[in-house]
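Each remark here refers to the structure printed beneath this line.
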């Protein structure tokens with residue numbers, strides 16, 4: 001079976017054009033790890049970029065990579081017409097059985113549904129729901145991504161929903177849905193969280209600073225628990241000066257000795273942080289299948305998360321993690337206090353979570369679930385041709 005995977009090369013996303021090899025989002029990267037173990041597959045990864053970049057021909061023995069240069073005019077301002085055309089041209093050379101578009105926020109989904117080939121999409125962020133939660137302004141990035149999502153989903157043969165939350169959101173829009181969680185980069189299973197004895201407990205809070213991720217309310221909720229030296233909250237992600245919410249976040253962090261802002265962390269840095277973490281906290285107002293929760297589970301780090309979106313698919317309260325209410329300061333504070341006070345119980349939860357992650361989120365297992373979906377779509381296409 002020959003599959004084309006359309007995904008964003010993060011060298012383009014972060015304008016790091018001089019790097020010698022592509023790198024992708026954590027979920028597509030882990031899925032490709034799984035595909036590399038399935039020798040019956042031939043996988044062609046296609047990414048569009050604004051500038052030429054050095055790129056390898058292959059990412060694995062059965063995984064090829066194609067970097068397509070598309071001028072600036074061919075991107076969002078023309079609804080990705082340049083990306084669509086460049087991708088269709090490359091697909092005519094490859095002749096795949098099926099095209100898989102990763103994510104609906106950029107060019108990948110629209111290029112997949114207009115490819116002329118059987119196709120599926122994966123929804124990573126539910127942009128229609130995010131736009132609603134964040135009150136996205138017309139023609140903002142999130143607003144445009146939500147519109148693009150509404151256009152592409154009905155045109156696809158089906159949507160891979162990584163949680164039931166997404167499936168419920170798409171039941172009236174998608175022709176067909178399947179629920180398959182994200183895979184986790186195999187290297188996270190090799191991480192074993194072991195904070196050094198005698199160190200101040202460190203709680204990670206990972207995510208770009210935003211209203212949706214709810215960092216500011218989380219900080220205020222912990223004021224009552226934060227005498228000097230009791231714990232430290234390390235925030236990882238992007239914060240942009242000049243945006244009201246981000247400016248407030250930076251001020252709140254500066255005013256509290258127990259808050260640290262570490263900025264962006266790559267995967268190697270995140271693994272180091274997980275090794276030394278007491279827990280991961282995710283106080284989001286909306287989330288689908290946040291990779292950092294899966295990565296923390298794989299690394300054996302206790303997780304406290306908001307009971308929102310797709311998180312109930314990942315966490316069973318008291319079994320492999322804790323839940324909190326992100327709109328209730330007392331609930332968030334109580335969750336952190338429970339992790340700090342009941343260290344043995346939290347450790348047991350993390351052990352169970354790691355064992356479960358090895359079964360549910362291993363790259364090869366998730367890749368095989370995708371192959372079942374591809375075969376189902378292609379069988380349906382063959383049946384339609386016979387009619």
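Table for the structure above
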{"quantity": "Elements of type strands (runs of 3 or more DSSP E) in region 277-387, at least 3 residues being at pLDDT 95 or above, buried (at least 22 other Cβ atoms within 10 Å of the Cβ) and touching a helix residue (DSSP H, G or I) at 6+ places or on another chain (Cβ under 9 Å)", "calculated": "279-282, 303-306"}
{"quantity": "Residues of region 2-32 satisfying the condition of being in a loop (DSSP other than H, G, I, E, B) and either closer than 18 Å to residue 124 by Cβ or not assigned by TED's automatic domain parsing to the domain that holds residue 125 (or both)", "calculated": "7, 8, 9, 14, 22, 23, 24, 25"}
{"quantity": "Looking only at region 48-65, and only at residues there that are touching a helix residue (DSSP H, G or I) at 6+ places or on another chain (Cβ under 7 Å) and outside any loop (DSSP other than H, G, I, E, B), the one that is surrounded by the fewest Cβ atoms within 10 Å (Cβ to Cβ)", "calculated": "60"}
{"quantity": "Selection within region 33-45 - touching a strand residue (DSSP E or B) at 6+ places or on another chain (Cβ under 7 Å), outside any helix (DSSP H, G or I) and in contact (Cβ under 8 Å) with a residue 60 or more places away in the chain", "calculated": "41"}
{"quantity": "Subset tally (residues that are surrounded by fewer than 19 Cβ atoms within 10 Å (Cβ to Cβ) and touching a strand residue (DSSP E or B) at 6+ places or on another chain (Cβ under 9 Å)) for region 201-225", "calculated": "2"}
{"quantity": "Test set (1) assigned to a loop (DSSP other than H, G, I, E, B); (2) in contact with a helix residue (DSSP H, G or I) (Cβ under 8 Å, 6 or more places away or on another chain) - residue 234 fails condition number", "calculated": "(1)"}
{"quantity": "Pairs, first closer than 15 Å to residue 217 by Cα in region 235-262, second modelled with pLDDT under 95 and loosely packed, with under 14 Cβ neighbours inside 10 Å, C-beta under 6 Å, six or more apart", "calculated": "246/240"}
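The values are calculated or read from the model by the stated rules, or taken from the named source; none is laboratory data. Remember, it's a predicted structure, so these values are computed and weren't measured experimentally. Reconstructed Cβ throughout: ideal geometry from the backbone, glycine too, with neighbour counts over all protein chains shown.
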